[in-house]
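Following: one structure in structure tokens, then a few remarks.
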Amino acid sequence: MFTGIVEELGEIVRTSETGGDSALVAVRGPLVTSDARHGDSIAVNGVCLTVVDVDGGIFTADVMGETLRRTALGALRPGDPVNLERAAALNSRLGGHLVQGHVDGVGEVLHREPAAQWETVRFRLPADLSRYVVEKGSITVDGISLTVAEVGDDWFSVGLIPTTLKLTTLGAKDVGDPVNLEVDVLAKYVERLLGDRAAGGDR
């Protein structure tokens with residue numbers, strides 16, 4: 001479990017096909033690897049990956065083909081920056097919201113509108129995710145916990161403060177770039193519970 005508060009802007013070092021529809025990804029992140037061990041979880045652009053090895057500030061992780069196809073990780077190349085976050089500790093503050101690191105879909109940067117102290121960014125929203133996104137609700141974009149400013153049938157917008165623009169990948173994303181999206185898991189649980197209640201009558 002994560003909180004969507006990016007700890008470090010890391011970098012893809014290399015990706016290697018390992019056969020069997022999978023890849024081994026090496027990521028540079030001195031902060032997140034400072035206490036990382038084999039088996040730990042680190043979110044890379046919002047995707048929960050399991051650490052296989054750590055060496056000199058670089059960790060490697062196995063990535064299944066399913067993950068490469070269903071997220072924007074497959075488009076990353078050596079040198080690309082990535083948002084990194086270690087799994088939350090039970091005694092830590094929940095600065096963002098509950099994030100699983102399970103990407104629900106891939107969106108796209110549609111428009112950027114700079115202002116004096118912040119920037120408004122609009123993203124394409126896959127149709128099957130729109131029912132989970134509400135104004136003033138939470139959404140995770142490339143591993144960053146953000147508050148939805150506006151939402152339409154196939155888009156949503158957020159306001160990015162200078163800190164987010166400077167310390168995460170969203171500061172350099174161009175129109176057309178893909179982003180990983182994870183909707184608020186609480187919305188999915190509520191939908192499932194209400195659906196079961198409707199199907200089961202008053203049980």
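Is it the case that some residue within the stretch 42-52 is surrounded by fewer than 20 Cβ atoms within 10 Å (Cβ to Cβ) and farther than 30 Å from Leu186 by Cα?
Yes, the conditions are met somewhere in the stretch 42-52.
Looking at the stretch 73-87, which of the residues that are touching a strand residue (DSSP E or B) at 6+ places or on another chain (Cβ under 6 Å) and assigned to a loop (DSSP other than H, G, I, E, B) is least open to solvent (accessible area, probe 1.4 Å)?
Leu76
Restricting to the stretch 103-124, give me the number of residues that are surrounded by 14 or more Cβ atoms within 10 Å (Cβ to Cβ) and either modelled with pLDDT under 95 or aromatic (Phe, Trp, Tyr) (or both).
First, pick out the residues of the stretch 103-124 that are surrounded by 14 or more Cβ atoms within 10 Å (Cβ to Cβ): 103-110, 112, 118-124.
Right, trim to either modelled with pLDDT under 95 or aromatic (Phe, Trp, Tyr) (or both) and you get 118, 123.
Total satisfying the criteria: 2.
Looking only at strands (runs of 3 or more DSSP E) that fall completely inside the stretch 24-70, which ones have 3 or more residues that are touching a Leu at 6+ places or on another chain (Cβ under 8 Å) and within 19 Å of Met1 (Cα to Cα)? Walk me through it before giving the result.
Values: elements: 41-44, 47-55, 58-64.
Here the list reads 41-44, 58-64.
Residue by residue through the stretch 128-141, note down the ones that are closer than 22 Å to Gln117 by Cα, open to solvent by 20 Å² or more (accessible area, probe 1.4 Å) and of a type outside the set (Lys, Arg).
Glu135, Ser138
Scan the stretch 142-159 and tell me whether some residue there is in a loop (DSSP other than H, G, I, E, B), of a type in the set (D, E, K, R), open to solvent by less than 80 Å² (accessible area, probe 1.4 Å) and over 27 Å from Leu194 (Cβ atoms).
yes
The values are calculated or read from the model by the stated rules, or taken from the named source; none is laboratory data. Treat the numbers as computed from the prediction; the structure is a model and nothing was measured. Positions of Cβ are generated from backbone atoms using ideal geometry, with glycine treated the same way; all protein chains shown enter the neighbour counts. Please note that ligands, DNA and RNA were not included when accessible areas were found on the heavy atoms of the full protein model with its side chains. Shrake-Rupley method; radii C 1.70, N 1.55, O 1.52, S 1.80 Å.
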